[in-house]
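The values are calculated or read from the model by the stated rules, or taken from the named source; none is laboratory data. Just so it is clear, the model here is predicted, and its values are computed rather than measured. Note that each Cβ is placed from the backbone with ideal geometry, even for glycine, and that neighbours are counted across all protein chains shown.
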């Protein structure tokens, strides 16, 4: 019997417990290696006992990111699945949006086939389209997106990382905030928010996996 998602269980652990009880093996986990996402994976690993997680290998990651992916997978003791795009396709040089669609949106849609729900680590205090997002979202075909950190501040993430000694991305100490593909990520300027260094098409604040993704059912 699934645990009810009640007002008393709306913290990250309560949301994840509900999602794991409700969807079981039909619940997908992915990571972009952000601090919040690693907290979610650490917590889910404690709750589930074992965990498979998809990482999108776009072909344009920093070398530090690829090494970090292996390091945190070993630290968290999870099975990390590298999902690659189809060969060829547009790159950021010609069209940033088409590049994201080819190297992130389409591979993720493929990775999520066969699942009923997907856990991600967006936070409302990251701004942009994330402000006010719910804990649970359902699209027009019934696919569910679980957002356990929707109402959780960055301070919770920092405290959790420290308390559980989760290693941080090495580029954070070099002035980066949110780290994506190398050609589309820059260091932060004084006073900027953590995601202001991400360079998306047309000045958008999302790469497309949370706006253009359509999971086949």
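Can you name the residue in region 22-66 that is in a loop (DSSP other than H, G, I, E, B) and at positive phi and, of all such residues, is surrounded by the fewest Cβ atoms within 10 Å (Cβ to Cβ)?
49
Among the residues of region 172-203, write down those that are in contact (Cβ under 8 Å) with a residue 40 or more places away in the chain and part of a loop (DSSP other than H, G, I, E, B).
178, 179, 180, 193, 194, 195, 199, 200
Can you tell me which residue in region 157-171 is nearest to residue 69 (Cα to Cα), limited to those that are assigned to a helix (DSSP H, G or I) and touching a residue at least 12 places away in the same chain (Cβ under 8 Å)? Please lay out each step first, then the result.
As a first pass, look at region 157-171 and keep what is assigned to a helix (DSSP H, G or I): 157-163, 170-171.
Pick out the ones that are also touching a residue at least 12 places away in the same chain (Cβ under 8 Å) and you get 157-158, 160-161, 170-171.
Numbers: 157: 18, 158: 19, 160: 19, 161: 16, 170: 11, 171: 13 Å.
Among residues in region 157-171 that are assigned to a helix (DSSP H, G or I) and touching a residue at least 12 places away in the same chain (Cβ under 8 Å), the one nearest to residue 69 (Cα to Cα) is 170.
Being farther than 13 Å from residue 111 by Cα and either in contact (Cβ under 8 Å) with a residue 40 or more places away in the chain or touching a strand residue (DSSP E or B) at 6+ places or on another chain (Cβ under 9 Å) (or both) is true for just one of 89, 59. Which residue is that?
Details: 89 fails: either in contact (Cβ under 8 Å) with a residue 40 or more places away in the chain or touching a strand residue (DSSP E or B) at 6+ places or on another chain (Cβ under 9 Å) (or both).
Just one listed residue meets the conditions, 59.
Working carefully through the options 106, 111, find the one that is buried (at least 18 other Cβ atoms within 10 Å of the Cβ), touching a strand residue (DSSP E or B) at 6+ places or on another chain (Cβ under 6 Å) and at pLDDT 90 or above.
Exactly one residue qualifies, and that residue is 111.
Just checking: which of the strands (runs of 3 or more DSSP E) contained wholly in region 78-153 hold 3 or more residues that are within 16 Å of residue 19 (Cα to Cα) and under 14 Å from the mean Cα position of the chain (by Cα)?
Details: elements: 79-83, 117-119, 136-138, 144-146.
Counting at least 3 such residues, we get 117-119.
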